[in-house]
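Read the structure below first, then the notes.
The values are calculated or read from the model by the stated rules, or taken from the named source; none is laboratory data. Just so you know, these numbers come straight off a predicted model, no measurement behind them. Here Cβ is always computed from backbone atoms with ideal geometry, including for glycine, and neighbour counts include all displayed protein chains. Only protein heavy atoms, including side chains, enter the accessible area calculation; ligands, DNA and RNA are left aside. Shrake-Rupley method; radii C 1.70, N 1.55, O 1.52, S 1.80 Å.
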Amino acid sequence: QVHLVESGGGLVQPGGSLRLSCAASGSLFSIIAMGWYRQAPGKQRELVATITSGDSTDYADSVKGRFTISRDNAKNTMYLQMNSLKPEDTAVYYCKLVTARRVYWGQGTQVTVSS
């Protein structure tokens, strides 16, 4: 079993920055990839960024150049550095972990971009 806990969300003004963290614990074997997703009110959950076990990364077009995904294997933690935040980035952000057996989700952390 794997447990994911996100943190780092909050209220930030447009143009500001936040760093989200996703701490993983449990049976962390055969990890294929991890990623960040978000869901705004009334919208479907969408991919934000992913990072594979080989450290290949991919981003949604809407966040390219502004967000950076990374991970610290020693701490079993994944990060999402978010810069130049826009009101349309407002959403609940979820981390996802994919293993050879199943997919795990965190509980989400709220990010609100507003003046």
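Residues to consider are 101, 71; find the one that is among the basic types (Lys, Arg) and in a strand (DSSP E or B).
71
Kindly evaluate residue 96 against the criterion of being of a type in the set (Lys, Arg) and touching a Gly at 6+ places or on another chain (Cβ under 6 Å).
Yes, satisfied.
Among what's in region 56-87 and is in contact (Cβ under 8 Å) with a residue 40 or more places away in the chain and among the charged types (D, E, K, R), pick the residue that is least open to solvent (accessible area, probe 1.4 Å).
So, considering only residues that are in contact (Cβ under 8 Å) with a residue 40 or more places away in the chain and among the charged types (D, E, K, R), the one least open to solvent (accessible area, probe 1.4 Å) is 86.
I'd like the residue in region 16-53 that is in contact with a Leu (Cβ under 7 Å, 6 or more places away or on another chain) and not in a strand (DSSP E or B) and, out of all such residues, is surrounded by the most Cβ atoms within 10 Å (Cβ to Cβ).
Result: 16.
Considering each of 53, 25, 17 in turn, give the residue that is farther than 22 Å from residue 1 by Cβ and among the polar types (S, T, N, Q).
17
Restricting to region 88-115, and then to whatever is touching a residue at least 12 places away in the same chain (Cβ under 8 Å) and among the charged types (D, E, K, R), can you tell me which residue is surrounded by the most Cβ atoms within 10 Å (Cβ to Cβ)?
In this case the residue turns out to be 89.
Could you check how many residues of region 54-68 are among the hydroxyl-bearing types (Ser, Thr, Tyr) and either in contact with a Phe, Trp or Tyr (Cβ under 7 Å, 6 or more places away or on another chain) or assigned to a loop (DSSP other than H, G, I, E, B) (or both)?
Within region 54-68, residues that are among the hydroxyl-bearing types (Ser, Thr, Tyr) and either in contact with a Phe, Trp or Tyr (Cβ under 7 Å, 6 or more places away or on another chain) or assigned to a loop (DSSP other than H, G, I, E, B) (or both) number 3.
How about region 1-22: which of its residues are touching a Gly at 6+ places or on another chain (Cβ under 9 Å) and not charged (D, E, K, R)?
Those that are touching a Gly at 6+ places or on another chain (Cβ under 9 Å) and not charged (D, E, K, R): 1, 2, 3, 4, 5, 9, 18, 20, 21, 22.
From the residues in region 1-11 that are assigned to a strand (DSSP E or B) and open to solvent by 20 Å² or more (accessible area, probe 1.4 Å), which one is farthest from residue 75 (Cα to Cα)?
Taking region 1-11 as the starting set, the residues that turn out to be assigned to a strand (DSSP E or B) are 2-7, 10-11.
Filter once more, keeping what is open to solvent by 20 Å² or more (accessible area, probe 1.4 Å): 3, 5, 7, 10-11.
Working: 3: 14, 5: 13, 7: 14, 10: 23, 11: 26 Å.
Applying the filter and picking the extreme gives 11.
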